[in-house]
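A quick write-up on the structure given underneath.
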Amino acid sequence: MTEHDERRDDTDAAPDYDIAAIAAKWQPVWDEMKPFATDDPADKRPRKYILDMFPYPSGELHMGHAEAFAFGDIVARYWRQRGFNVLHPIGWDSFGLPAENAAIERGINPATWTYENIDEQKLNFRRYGVSFDWSRVLHTSDPEYYKWNQWLFLKLYEKGLAYRKESWVNWDPVDQTVLANEQVLPDGTSERSGAVVVKKQLTQWYFKITEYADRLLDDLNQLEGSWPAKVLSMQRNWIGRSTGADVDFRVEGSDRTITVFTTRPDTLYGVTFMVVAPDSELAAELAAGSTPEVQAAFADYLVQAQKNTEIERQDATRSKTGIPLERWAINPANGERIPIWTADYVLADYGHGAVMAVPAHDQRDLDFARAFGLPVRVVVDTTAPVTGALQVITEEMLAEGPPDPVSTGEALTGDGRMINSGPINGLSKSNAISKIIEQLEAAGTGRAAKTYRLRDWLISRQRFWGTPIPIIHGADGELVPVPLDQLPVVLPDTEGLDLKPKGKSPLAAASDWMTVADPRDGSPAQRDADTMDTFVDSSWYFLRFLSPNDDLEAFSVSEAEKWAPVDQYVGGVEHAILHLLYARFITKVLFDLGYVSFTEPFSALLNQGMVLSEGKKMSKRSRKGTTFTAEVDKHGADALRLTLAFAGPPEDNINWEDVSPAASAKFLARAFRIASDVASAPEVEWKTGDVALRRLTHRFLADGPALAESLKFNVLVARIMDLVNATRKVIDSGAGPADAAVREAAEVITIALSLFAPYTAEEMWSRLGYQPTVALAGWRKADPTLLIEDSIVAVVQVDGKVRDRLEVSPKISSDELEKLARASAGVIRAIGDREIVNVIVRAPRIVNIATRAS
RNA sequence: GCCCCGGUAGCCCAAUUGGCAGAGGCAGACGACUUAAAAUCGUCCGAGUCAGGGUUCGAGUCCCUGCCGGGGCACCA
């Protein structure tokens, strides 16, 4: 005690709680024990796979990492306490441009920069106390990893899902590489460099993700409730399926037919002109067959249209432009001859690059028709009733009619009944749609069709630091897959290689590397100089973690059977489309190839919010913001983790100004002191036991799992605080530290705290007399007898207002409770001379007496 | 323009899913300890749930309208 008294003079808050010393003490113990290893085949525990999106090696961890990995670790540690064998691996998404740009700047190898950064992050993670299985680390830039990336590419190629085509592509003029559609922001800039993306016509490699569009869309339904609604909605929007019909229009004076996609085939009788995209082959062809004047005008218009940036083009308020092509199409429904125009409001790469214009019922077509004085014909009476049985259309109804779109400027897009439409007159919209499709199909001039916003995934990149595409270009122009036994195609040494972006892959300049024997006959051939989009790397990495050192296959099918899919995935919403869509696609491909037995890779998804400072994302560069290292130095990893977990619901943003790591450290010291106090009173008084504290402890044990499993970490922490406060009270002014209930509470607190503050909890566990590690102590089972209250307070309301409280048995009958309620003083006073009209009894909780003036 | 979230004490957040508005924290006040301060400990203070209407015995919770904030989509035929 003397030592203790001496320490009281110390300025430190809690004499024994020195988080730096505690962290230094336990980290080596855990390194030795490897409590989070998952490679024991004899382990019979049920399994969970908990994964955070693996980081890009950007050096020191930032607050966003701290938050996401805290959440993932809480979930992993929770399931371990529940007796599960938890796979919680870490790796690095280590190919990509920042390494390459840094290498160019400093004249070093991108690998040097990359692996130095990885080492730094590894140290950060260890310090942060994240419970990774360190034996499964992978880096996508290791040949041992990207070999299997190449294998995956070849599997897709074999299946016809990887192909080359020439097309207009997104070109990032800053990074000097092409980009996939998903990597271009809605404002037409690159999500990486921020540069305005331009269009270029190039031959590139694509993955045929569109072949999976329906499954990618429909399977989202399975994820309803387990994925954030926002992500589901973004993916649905991105895939953008619309259903309708393809209709073939014959071109007058030609064998050609123009097929258009429409969601409104019911309005086919209202088509008054047709519009083709200026940058489509079709437009060029139609113009070429027209007069010289039209040809000249078309050439001008095309140049003008292509000058418009994406931003200008998307401006819906921009007035319509276009020119007539002096060509004519024949409406297959009524044989009408309609003019063909070209206009840039029609997109070449959506549908068939041409639309049938129905100005009366489509706003864009109406705007165009009004601008150029084209005819407008109403074919749907949107004022006619559409519900109930089919009605005869009366004279009055026709006389009334819908408002004229030409004068109002408003297209009639609603439902209604068909008019001016020959055989489909009188039908409702949906009936007309099916009827017209039926007729078109019978006539062979149209068919039901679906179209998507989703485009195939462009995976070629003209940069160095990525996976080489395992294809050889034969002297005859044939594409020859690199034989499997020659994988990996390893990147060349950067020695003497200029990595500066110059519009084509730096690999093309590595002539020794580029020249290779054609696998067919040994004749000289060339490698493919491009590398793969790094999103290919991350589209399957969660499977590689299952057998990360396997040099015979990409991943073990039997291990995948045991562990996958991922039970809880954690990561930022910035990948709502990109990574998550690609990973879902590749998973479905692997399913079709028979490598996995599931079709969705991530059963549950948590998008953590951002950590903001002064309203802006906290970055290493922000002036006022603190850093990961500064916070861990100052308050310890535990306090930082606890702060982020306690700040609010995990999906909400955190304002750094609203939280206090100092307060978290204070709480941890307070919790720690309970363990110290209990340890200082080793003679447990088993006969006593504060029943109220035991009730609270077991209520906590009963409620905790649901809170953890619904990811309400903030509430779970609050409940631990509650239990700590109650225990403190019993120690100071109740039964004292030797009480059995206090010891029990201290142990439960320690185990619960281990999810959030592993270092502090380990030291507490040790003081309580246990061997490490508390991480495997196991969540205690709640004693059901302690969950039943002896008596509870029933509330008695009169007209919804609380008028009395009664202490009753939880097993009280409704009749008896009502009797007590009616007799209670508060009720009698409140009722006075009013008349009781109704009594609602919900035993044992509440009685509500409804009255009225008598 | 369309769609989706959210709005509860000065601040961050809870509320058994329709049953007493408060679990927890921050800030604040007071007290104990101290020569004093800090730290620590203890006690206390605090909204009737954005506004209006509806359903109900009973609404923070369900429905409608509006306001405010955040997000997604948008010339996609």
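The values are calculated or read from the model by the stated rules, or taken from the named source; none is laboratory data. As the structure is a prediction and not an experimental result, all values here were calculated from the model. Glycine gets a Cβ as well: all are built from the backbone with ideal geometry, and neighbour counts include every protein chain shown. Please note that ligands, DNA and RNA were not included when accessible areas were found on the heavy atoms of the full protein model with its side chains. Shrake-Rupley method; radii C 1.70, N 1.55, O 1.52, S 1.80 Å.
Just the ratio, please: alpha-carbon radius of gyration of region A:497-543 over 2.2 N^0.38 Å, N its number of residues.
Relative to the 2.2 N^0.38 Å estimate, region A:497-543 comes out at 1.50.
Over region A:470-553, what is the relative contact order in percent, taking alpha-carbon pairs closer than 8 angstrom and at least six residues apart?
Contact order relative to length: 29 percent.
Which trypsin sites (Lys or Arg not before Pro) from region A:674-740 combine a DSSP loop assignment with at most 13 other Cβ atoms within 10 Å?
Here the sparse-neighbourhood loop sites are A:LYS687.
Might you tell me the accessible area per residue for region A:326-386, computed with a 1.4 Å probe and given in Å²? Can you show the working numbers first?
Numbers: 2300 Å² over 61 residues.
About 38 Å² of surface per residue is accessible.
Could the peptides A:782-795, A:461-474 be put in order, highest first, of the mean number of other beta-carbon atoms found within 10 Å of their residues?
Top of the packing list down: A:461-474, A:782-795.
So what is the orientation-averaged projected area of region A:91-165, using the convex hull of its C-alpha atoms, in nm²?
Spelled out: convex hull of the Cα atoms, projected over all directions, averaged, 7.2 nm².
Sorted by accessible area with a 1.4 angstrom probe, largest first, how do A:ARG377, A:ARG80 fall?
Sorted descending by solvent-accessible area, the residues read A:ARG377, A:ARG80.
With runs of 4+ DSSP H residues as the only contributors, calculate the mean residue ellipticity of chain A at 222 nm using -39,500 (n - 2.57) per run, divided by the residue total and rounded to the nearest 500.
-11500 deg cm²/dmol
Calculate the FRET efficiency for A:LYS230 and A:SER523 from the Cβ-Cβ distance with a Förster distance of 51 Å, rounded to the nearest 0.05.
Values: r = 54 Å, r/R0 = 1.06.
FRET efficiency, A:LYS230 to A:SER523: 0.40.
Leaving out ligands and nucleic acids, and using a 1.4 Å probe, what accessible area per residue does region A:22-63 come to in Å²?
With all protein chains present, region A:22-63 gives 47 Å² per residue.
Cross-link candidates for A:LYS562: which lysines have Cα within less than 17 Å, leaving aside residues fewer than 8 places away along the same chain?
Excluding near neighbours in sequence, the set is A:LYS44, A:LYS48.
In region A:622-681, which GluC sites (Glu not before Pro) fall in coil by DSSP and have 16 or fewer other Cβ atoms within 10 Å?
Answer by residue number: A:GLU651.
Can you give the FRET efficiency for A:VAL480 and A:MET33, using 1/(1 + (r/R0)^6), R0 = 45 Å, r = Cβ-Cβ distance, to the nearest 0.05?
Using R0 = 45 Å, I get an efficiency of 0.30.
Pop a pseudo-label 7 angstrom from the Cα along the beta-carbon direction at both A:GLU281 and A:THR243 and give the gap in nm to one decimal.
3.0 nm
Counting only protein chains, not ligands or nucleic acids, how are A:VAL516, A:VAL837, A:VAL774 ordered by accessible area (probe 1.4 Å), most first? Each step should come with its number before you reach the end.
Values: A:VAL516 25, A:VAL837 70, A:VAL774 0 Å².
Reading off the accessible areas and sorting them downward yields A:VAL837, A:VAL516, A:VAL774.
Could you state, as a whole-number percent, how many of the C-alpha pairs of chain A are farther apart than 37 Å?
On the way: 219130 of 364231 pairs.
Of all Cα-Cα pairs in chain A, 60 percent lie more than 37 Å apart.
Counting only the backbone N, which residues of region A:514-534 are under 18 Å from the spot 7 Å out from the Cα of A:ASP493 toward its beta-carbon?
The answer is A:514-515, whose backbone nitrogens lie closer than 18 Å to the label point.
Which of the lysines could be linked to A:LYS320 by a straight reach, that is with a Cα gap under 20 Å, when you skip same-chain ones fewer than 8 residues away?
Correct list for A:LYS320: A:LYS307.
If I compute solvent accessible area with a 1.4 Å probe over the protein chains, what percent of it on region A:534-686 is carbon and sulfur?
Of the solvent-accessible surface of region A:534-686, carbon and sulfur hold 50 percent.
Under the 0.36 nm per residue contour assumption, what length would be gained going from the current alpha-carbon distance of A:ALA823 and A:THR203 to full extension?
Contour length minus Cα-Cα distance gives 214.4 nm.
If you stretched the chain out fully between A:VAL684 and A:ARG453, how much longer would it get, using 0.36 nm times the residue separation minus the C-alpha to C-alpha distance?
76.2 nm
From largest accessible area down, sort A:MET514, A:MET610; use a 1.4 Å probe on the protein chains.
Result of the area sort, largest leading: A:MET610, A:MET514.
Obtain the nm distance between the two label points defined at A:ASP218 and A:GLU561 by a simple spin-label model: each point lies 7 Å from its Cα along the Cα-to-C-beta direction.
2.7 nm
What nm value, rounded to one decimal, do you get for the distance between A:SER434 and A:GLN304 when each label is placed 7 Å out toward the C-beta?
About 4.6 nm, to one decimal.
Could you state the accessible area per residue of region A:143-260 in Å², with a 1.4 Å probe and every protein chain left in place?
Dividing the accessible area of region A:143-260 by its residue count gives 43 Å².
Exceeding 22 Å between C-alpha atoms, which entries from my cross-link table qualify? They are A:LYS729/A:LYS781; A:LYS208/A:LYS230; A:LYS208/A:LYS588; A:LYS34/A:LYS122; A:LYS199/A:LYS504; A:LYS208/A:LYS450.
Over 22 Å Cα-Cα: A:LYS729/A:LYS781; A:LYS208/A:LYS230.
Give me the tail of P(r) for region A:595-734 as a percent: Cα-Cα pairs with distance above 23 Å.
Cα-Cα pairs of region A:595-734 separated by over 23 Å account for 51 percent.
With +1 assigned to the C-beta of every Lys and Arg and -1 to the C-beta of every Asp and Glu, and no other charges, what is the dipole magnitude of chain A about the Cα centre in debye, to the nearest 20? Mind showing how you got there, number by number?
Working: 93 positive and 122 negative charges, 380 e Å.
Computed charge dipole of chain A: roughly 1820 debye.
Arranged from highest to lowest average of other beta-carbon atoms within 10 Å per residue, in what order do the peptides A:168-179, A:187-198, A:665-676 appear?
Top of the packing list down: A:665-676, A:168-179, A:187-198.
Helix A:758-767 versus the longest principal axis of chain A: what is the Cα-based angle in degrees, 0 to 90, to the nearest 10?
20 degrees
Where does region A:30-129 land on the Kirkwood hydrodynamic radius, alpha-carbon pairs, in angstrom?
About 15.3 Å, per the Kirkwood formula over Cα pairs.
Over all distinct alpha-carbon pairs, what is the Kirkwood Rh of region A:154-261 in angstrom? All intermediate terms of the calculation are to be shown ahead of the outcome.
On the way: mean 1/r = 0.0582 Å⁻¹.
Its Kirkwood hydrodynamic radius stands at 17.2 Å.
Pick out, from A:ASN431, A:ALA564, A:PRO375, the residue whose Cα sits farthest towards the positive end of the charge dipole of chain A, with +1 on the Cβ of Lys and Arg and -1 on the Cβ of Asp and Glu.
A:ASN431
A:LYS801: which lysines have alpha carbons under 28 Å from its alpha carbon, excluding same-chain residues fewer than 8 sequence positions away?
A:LYS811, A:LYS819
Tell me, what is the FRET efficiency for A:GLU336 and A:VAL174 to the nearest 0.05, using R0 = 41 angstrom and their Cβ-Cβ distance as r?
0.25
Calculate what fraction, in whole %, of the accessible area of region A:101-255 sits on carbon and sulfur atoms when a 1.4 Å probe is rolled over the protein chains.
That fraction is 47 percent.
What is the percent carbon and sulfur in the accessible area of region A:708-791, measuring with a 1.4 Å probe over the protein chains and ignoring ligands?
With neighbouring chains kept in place, the figure for region A:708-791 is 51 percent.
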